[in-house]
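Novice: The structure's right below; bear with me while I get my questions together.
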Amino acid sequence: MARYARIDTGRVAEIVVLPEGTDPAEAFHATVAATLVACPDPAVVEGWSYSDASKTFAAPVVAPPTIPQLVAYAAAKRFAVETAGLSVNGLTVATDRDSQSMIANAYAGMQASGAASVKFKAASGWIELTAEQIKAVALAVFAHVQACFAAEDAADAGINAAPPTITTLAEVDTAFAGVATAAGA
């Protein structure tokens, strides 16, 4: 199979694959065939540029994210990691905002009432937790949420540093790499 790029105003508009030995002039109208350039490089895709003068293709240049885009991405990443869930002593615990509130409420209620255990619906199903177990879960969720906010704070500091130490989305992701979750986010 032979690969061709259809060029429109200096850009690859589409990739056309023809059977080996087929001349584009035989397969297409002359006006279309005139826009086809042999393109054996499989990396070239729609959106790349093409120079008639040098007969070369070039990948599009992607502008780096702006500071507001990086800050927004860090906030979205924090929320995603924060609410992805957590594993506590082999128990998978949801950490969405409602679950965070319910865990804190169960822990506070047990402390105030002196109850020996509490029924709780974990991500894995119904369980009964002792006061020590719900305390461990509540403290783990608290630490997880704080680690997420600390990671976002560190990312924001790096984004806004002079000179910035975080300038890419991948670097923001790296700021959250140490925050463990059940989902591995």
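Readers should treat all values here as calculations from the given coordinates under stated rules, not as data from a laboratory. Values in this document were obtained by computation on a predicted structure and should not be read as measured data. Cβ placement follows ideal geometry from the backbone for every residue including glycine, while neighbour counts extend to all protein chains displayed.
Novice: Tally Lys/Arg at +1 and Asp/Glu at -1 over every other residue whose Cβ is under 15 Å from the Cβ of ALA84; what's the total? Spell out each step's value before the answer.
Specialist: Numbers: positive: LYS77, ARG78, ARG97; negative: GLU82, ASP96, ASP98, GLU152, ASP173.
Value of the local net charge: -2.
Novice: Excluding same-chain pairs closer than 8 in sequence, count the lysine pairs in the chain whose Cα atoms lie under 30 Å apart. Please report the intermediate quantities before stating the final value.
Specialist: On the way: LYS77/LYS121; LYS77/LYS135; LYS119/LYS135; LYS121/LYS135.
Within the chain, the lysine pair count is 4.
Novice: Starting from the 7 Å offset along Cα-to-Cβ, what nm value, one decimal, do you get for the label separation of THR167 and SER54?
Specialist: Result: 2.2 nm between the two label points.
Novice: ASN89 versus GLU46, label points 7 Å from Cα toward the beta carbon: distance in nm?
Specialist: Here the modelled spin labels are 5.5 nm apart.
Novice: Also, quick follow-up: With θ set to phi - 60°, apply the Karplus curve 6.51 cos²θ - 1.76 cosθ + 1.60 along region 80-91 and write out the HN-Hα couplings as whole Hz, x wherever there is a Gly or Pro.
Specialist: Karplus-based 3J(HN,Hα) across region 80-91 equals 4, 5, 4, 9, 7, x, 8, 9, 10, 6, x, 9 Hz.
Novice: What net charge is computed for the residues neighbouring ALA106, neighbours being all others with C-beta under 12 Å from the C-beta of ALA106, Lys and Arg scored +1, Asp and Glu -1? Working shown, then result.
Specialist: Details: positive: LYS119, LYS121, LYS135; negative: GLU128.
Local net charge: +2.
Novice: With runs of 4+ DSSP H residues as the only contributors, calculate the mean residue ellipticity of the chain at 222 nm using -39,500 (n - 2.57) per run, divided by the residue total and rounded to the nearest 500. Present the calculation step by step, with values, prior to reporting the outcome.
Specialist: On the way: 6 runs with 78 residues, N = 185.
So the helix-based figure for the chain works out to -13500 deg cm²/dmol.
Novice: Next question. Dividing the alpha-carbon radius of gyration of region 1-110 by 2.2 N^0.38 Å (N being the number of residues), what value is obtained? Write down the numbers at each step before the final one.
Specialist: Working: Rg = 26.6 Å, N = 110, 2.2 N^0.38 = 13.1 Å.
Compactness ratio reported: 2.02.
Novice: Expressed in nm to one decimal, what extension gain is obtained for the pair GLU26 and ALA115 from 0.36 nm per residue of sequence separation less their Cα-Cα distance? Walk me through the numbers on the way to the answer.
Specialist: Numbers: separation 89, 0.36 × 89 = 32.04 nm, distance 8.40 nm.
Gain in length upon complete extension: 23.6 nm.
Novice: Please sort 45-53, 71-79, 57-65, 94-102 by packing, taking for each peptide the average over its residues of neighbouring beta carbons within 10 angstrom, highest first. Walk me through the numbers on the way to the answer.
Specialist: Numbers: 45-53: 13.0, 71-79: 17.4, 57-65: 10.8, 94-102: 15.3.
Packing proxy ranking, top to bottom: 71-79, 94-102, 45-53, 57-65.
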